[in-house]
1. Can you give me the Cα centroid spacing of segment 93-121 and segment 36-61 in angstrom?
2. Length gain on complete extension for the stretch Asp25 to Ala50, per 0.36 nm per residue less the alpha carbon to alpha carbon distance?
3. List the residues whose amide H sits under 5 Å from the amide H of Tyr154, counting only those 5 or more places along or on another chain, with H placed 1.01 Å from N in the peptide plane.
4. About the Cα centre of segment 34-157, what is the dipole size in debye to 20, counting +1 per Lys and Arg Cβ and -1 per Asp and Glu Cβ, all else neutral?
5. Between the DSSP loop rule and a limit of at most 16 other Cβ atoms within 10 Å, which GluC sites (Glu not before Pro) in segment 67-165 are left?
6. With label points built 7 Å along Cα→Cβ from the Cα atoms of Glu99 and Ala4, find their separation and express it in nm.
7. Given springs between every Cα pair under 10 Å in a Gaussian network model of the chain, which of Asn33, Asn122, Asn20 has the largest fluctuation?
8. Pop out the ³J(HN,Hα) list for segment 144-153 in order, Karplus 6.51 cos²θ - 1.76 cosθ + 1.60 with θ = phi - 60°, rounded to Hz; leave Gly and Pro as x.
Amino acid sequence: MGEALTVQPLSREAFAPFGNVLETDGAELRMINEGTTERFHALARAELIADGAAIISIFRGQPRAFPYSVTMMERHPLGSQAFFPLDNRPWLVIAAEDEEGRPGRPQAFLADGRQGVNYRANVWHHPLMALGQTSSFLVVDRDGEGVNLEEWSYPAPYVIAAATG
Ligand SMILES: NC(=O)N[C@@H](O)C(=O)O
Ligand code: NI
């Protein structure tokens, strides 16, 4: 069966050990373009290690089915990875602290449709988890030389019964 995971609402404070929440609330606001545009400035910084390039992609994710078993986590040692929902639908974010080179207990967060995240480089996370229907996300991460993907399988699954915050 596996140990049950609870899902908490995504917040800057709760997600701070893993990176940034990309949202307008609480962001540094700059009025630009003769006052016609609000710039929510520097929500996060893209980390590019070992001479990589920042690339921008769109991921179109199939919805996950529940109950869902978290059996693995991954991380990108050479760069950060940011996801922002393009369909204004809630989605699930799962991250874990590092414990001597392996992911600790996963922490699950329910993001609303106007929240993205930036995982700092080398932060354990679960691959994209869309909810309910196929959903698209803007993704900013690193391209370049070197191995930028490390995966880890848990000895036993953690189970999320439902994706409710
Ligand atoms: N593989 C890939 O580009 N995506 C994953 O890194 C992910 O976090 O979804
Ligand atoms: Ni990733």
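1. 18 Å
2. So the extension gain works out to 5.7 nm.
3. Here Met72, Met73 satisfy the definition.
4. Charge dipole of segment 34-157: 440 debye, to the nearest 20.
5. Filter output for segment 67-165: Glu97, Glu100, Glu145.
6. The answer from the label model is 2.0 nm.
7. In this elastic network of the chain, the residue with the biggest mean-square fluctuation among Asn33, Asn122, Asn20 is Asn33.
8. Each residue's phi maps through the Karplus curve to give x, 5, x, 8, 10, 9, 10, 10, 9, 9 Hz.
Just so you know, all these numbers are worked out from the coordinates, no wet-lab data involved. This one's a predicted model, so the numbers in the text were calculated from it and none came from an experiment. Heads up, the Cβs are rebuilt from the backbone with ideal geometry, glycines too, and the neighbour counts pull from every protein chain shown.
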